[in-house]
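Visitor: Input: one structure, supplied below.
The values are calculated or read from the model by the stated rules, or taken from the named source; none is laboratory data. If you're wondering where the values come from, they're calculated on a predicted model, not measured in any experiment. In this analysis, Cβ positions are derived from the backbone assuming ideal geometry, glycine residues included, and neighbour counts consider all displayed protein chains. These area figures cover heavy atoms from the full protein model, side chains too; ligands, DNA and RNA do not enter into them. Shrake-Rupley method; radii C 1.70, N 1.55, O 1.52, S 1.80 Å.
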Amino acid sequence: MNNKMFRGSLDTIILKMLNNNSEMYGYEISQEVRKLSDGAFEVKEGALYPALHRLEAKGLLETESRSIGNRIRKYYRLSPKGNKESKTQISEMQEFLKQMNAFMNLKAT
């Protein structure tokens with residue numbers, strides 16, 4: 001799988017994951033992406049957390065820290081602005097993929 005294409009889609013992938021789930025923590029997001037892609041996509045910590053922080057800084061995510069045993073776990077969820085933006089980005093990605101699929105299936109004349 002082309003890592004550049006995947007990295008360019010990471011924000012949309014995170015928004016989609018949080019659109020499907022009320023809240024998730026970072027490791028949970030990475031594992032769910034891996035599971036849903038049958039291992040084709042792997043979200044590394046070095047890409048995931050900067051993306052989460054970027055989305056939070058844009059006001060698209062809200063966070064809540066909780067104590068789990070001896071650890072603090074940070075949960076992410078869509079803000080109202082993020083909920084709207086996730087729908088927009090998901091729709092745009094679906095349209096892009098539809099158009100790309102049509103383009104890739106063109107026969108040379």
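Visitor: Mind checking the per residue accessible area of the chain for me, 1.4 Å probe, whole number of Å²?
Guide: Roughly 70 Å² per residue, with all protein chains present.
Visitor: Between Asn21 and Arg66, what is the spin-label point distance in nm, taking each point 7 Å from the Cα along the Cα→C-beta axis?
Guide: For the pair Asn21/Arg66, the computed spacing is 1.2 nm.
Visitor: Moving on. Which of the pairs Lys58/Lys81; Lys35/Lys84; Lys35/Lys81 have their Cα atoms more than 18 Å apart in this structure?
Guide: Lys35/Lys84; Lys35/Lys81
Visitor: Tell me, what is the percent relative contact order of the chain, built from C-alpha pairs under 8 Å that lie six or more residues apart?
Guide: Answer for the chain is 28 percent.
Visitor: Next question, about the same structure. Taking all protein chains in place and a 1.4 Å probe, what share, in percent, of the accessible surface of the chain do carbon and sulfur account for?
Guide: Reported share for carbon and sulfur atoms: 51 percent.
Visitor: How large are Rg and Dmax for the chain when calculated on the C-alpha trace, in angstrom?
Guide: Radius of gyration, then largest Cα-Cα span, for the chain: 15.7, 64 Å.
Visitor: Measure nothing but the geometry: give the 0 to 90° angle between the long axis through the Cα atoms of 45-57 and the longest principal axis through the Cα atoms of the chain, rounded to 10°.
Guide: The helix 45-57 is inclined about 80 degrees to the chain.
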